[in-house]
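Where a number appears in this text, it was derived from the coordinates with a stated rule and is not lab data. Every value quoted in this text rests on a predicted model; they were computed, and no experiment measured them. Quick reminder, even Gly has a Cβ in these numbers, built from the backbone with ideal geometry, and neighbours come from all protein chains shown.
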Amino acid sequence: MRLEITERGPREFYDEIMYIASNFRKYRGRPEKKTRSQLKTLTGYCILTVLVIAVFLFEYFGDRGGVFLLLAGMMLVCLIYFIALIIGTRKRIDIMMNEPGTKIIDIDERGVRYEAENQTLQTKWDDITNVIINKHSIVFMPKTEIQLMVSIYAKYKEQILQAVEAAGHMDLVVDNTAKH
């Protein structure tokens, strides 16, 4: 089956792909894991860090000792790190959303082939652990981190399932759409 994709995916698709990529080992081991928004997860870490800083500062000003000021400073560094991650993630999502050109995905008995403007990726079925179907994405999860994940918008779910079935690899499919 050959699928030509000319439109951009929704922002939620790219956000979900970023979350899966940053948690690659977890998804490779537990493909049924529910996906989340990478940006919302990082924002939650920021809020938690601010609360911890507030507790440490409260303890410091309550004459508990200078160690709490040091801890608050360390948490401030963590907060800056999380904010930098949020900004970087937003930029990466914007870059992915604005990639021009047609993306072509071929699924056959040999594996999955992905073609874009300046890259071609061929993954054999032996190198794929699962085909994970999420709310916004379908991911062909590779066995190693060296190989790239092939991801497709979830709106092509029926075509992808037909192609995977025709290739004889329905045993790799993990449908997580009921979890969302």
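Below are the figures for this structure:
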item: Lone qualifier among THR49, THR43, THR89 - being of a type outside the set (D, E, K, R), touching a Cys at 6+ places or on another chain (Cβ under 6 Å) and over 30 Å from ALA166 (Cα atoms); result: THR49
item: Qualifying positions in region 28-50 - of a type outside the set (A, V, I, L, M, F, W, C) and in a helix (DSSP H, G or I); result: ARG28, GLY29, GLN38, LYS40, THR41, THR43, GLY44, TYR45, THR49
item: Tally of residues being within 30 Å of ARG8 (Cα to Cα), surrounded by fewer than 15 Cβ atoms within 10 Å (Cβ to Cβ) and either touching a Ser or Thr at 6+ places or on another chain (Cβ under 8 Å) or of a type in the set (Gly, Ala, Ser) (or both) across region 50-99; result: 2
item: Test: residue in region 108-115 that is more than 30 Å from GLY168 (Cβ to Cβ) and in contact (Cβ under 8 Å) with a residue 24 or more places away in the chain; result: no
item: Scan of region 41-92 for residues that are closer than 27 Å to ASN176 by Cα and touching a residue at least 12 places away in the same chain (Cβ under 8 Å), ordered by number; result: THR41, LEU42, THR43, TYR45, LEU85, ILE86, THR89, ARG90, ARG92
item: Qualifying residue in region 2-22 (condition: surrounded by 12 or more Cβ atoms within 10 Å (Cβ to Cβ), of a type in the set (S, T, N, Q), assigned to a loop (DSSP other than H, G, I, E, B) and in contact with a Ser or Thr (Cβ under 9 Å, 6 or more places away or on another chain)); result: no
item: Per-region count, region 100-109, residues surrounded by 13 or more Cβ atoms within 10 Å (Cβ to Cβ) and not in a strand (DSSP E or B); result: 1
item: Filter pass, LYS135 being among the basic types (Lys, Arg), closer than 22 Å to SER22 by Cα, in contact (Cβ under 8 Å) with a residue 12 or more places away in the chain and surrounded by 13 or more Cβ atoms within 10 Å (Cβ to Cβ); result: yes
item: Scope region 154-180; condition in a strand (DSSP E or B), farther than 14 Å from ILE20 by Cβ and under 17 Å from the mean Cα position of the chain (by Cα); matching residues; result: ASP175
item: Residues of region 142-161 satisfying the condition of being polar (S, T, N, Q) and surrounded by 13 or more Cβ atoms within 10 Å (Cβ to Cβ); result: GLN147, SER151, GLN159
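Yes/no matrix, rows are residues, columns are (1) outside any helix (DSSP H, G or I); (2) basic (Lys, Arg); (3) under 30 Å from MET18 (Cα atoms):
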{"residue": "VAL52", "(1), (2), (3)": "no, no, yes"}
{"residue": "PHE61", "(1), (2), (3)": "no, no, no"}
{"residue": "PHE68", "(1), (2), (3)": "no, no, no"}
{"residue": "ALA72", "(1), (2), (3)": "no, no, yes"}
{"residue": "CYS78", "(1), (2), (3)": "no, no, yes"}
{"residue": "ILE83", "(1), (2), (3)": "no, no, yes"}
{"residue": "ILE86", "(1), (2), (3)": "no, no, yes"}
{"residue": "ARG92", "(1), (2), (3)": "no, yes, yes"}
